[in-house]
């Protein structure tokens, strides 16, 4: 077998290999889909809009919920949280806290001989419905450094029920509150309208983007 023959065989194999490579490249280019980059066809779901802050005005006392929760029977149950420090009977003695007979309408810090805190004694005014509600909600916020070691009643329904129970614990119970604060409805309507406007702006189609 001559060297010339071997050279021809090697050349044939080399030509075949190069041919296969070229064919593969061409076929790959022909069947490759022309897919655009994601940035060229993807829809943007981002919504760019300025949202106005929702301002909620403080609801005046008493709210309709508060008025509807005046339940002396429930109030007697809520009072169990108070009985360790207070008495509520007519002629009852002071305990850790002052007696609560006639508390609704009584001057703040008005039980003679009881050792109130300085802030309680200097508070002034009387224990009306709103004052009692604020104090029972957060005693230490309403009267800083009060001696009353109680965190308060978070639910206005509990406060309303307790105050109704206290109202009846009197020689002559004061008159119930009867008016409903219409401002609450107006405030809620304003908040709802503002939120609806914000939502509509957020979902409104952008005329400059997409199809």
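Peptides 97-107, 157-167, ordered by how many other C-beta atoms sit within 10 Å of their residues on average, highest first, read 157-167, 97-107. Given R0 = 35 Å, the distance between the Cβ atoms of residue 93 and residue 67 translates into a calculated FRET efficiency of 0.60. Full extension of the segment from residue 141 to residue 178, taken as 0.36 nm per residue of separation minus the current Cα-Cα distance, would add 10.6 nm. By the gyration tensor of its Cα atoms, with a ≥ b ≥ c the square roots of the eigenvalues, what is the shape of the range 56-127: rounded for a/c under 1.5, prolate for a/b over b/c, or oblate? Verdict is oblate for the range 56-127. The orientation-averaged projected area of the convex hull spanned by the Cα atoms of the range 103-170 comes to 4.4 nm². Take each peptide in 65-76, 117-128, count the other Cβ atoms within 10 Å of every residue, and average; sorted highest first, the result is 65-76, 117-128. Remark: 174, 96, 111, 78 ranked as 96, 174, 111, 78, counting other beta-carbon atoms within 10 Å and listing the fewest first.
We did not get these values from a lab; they are worked out from the coordinates using the rules stated. Here the structure is a predicted model, which is why all the values come from computation and not from measurement. Cβ sites come from the backbone with ideal geometry, for glycine too, and all protein chains shown count toward neighbours.
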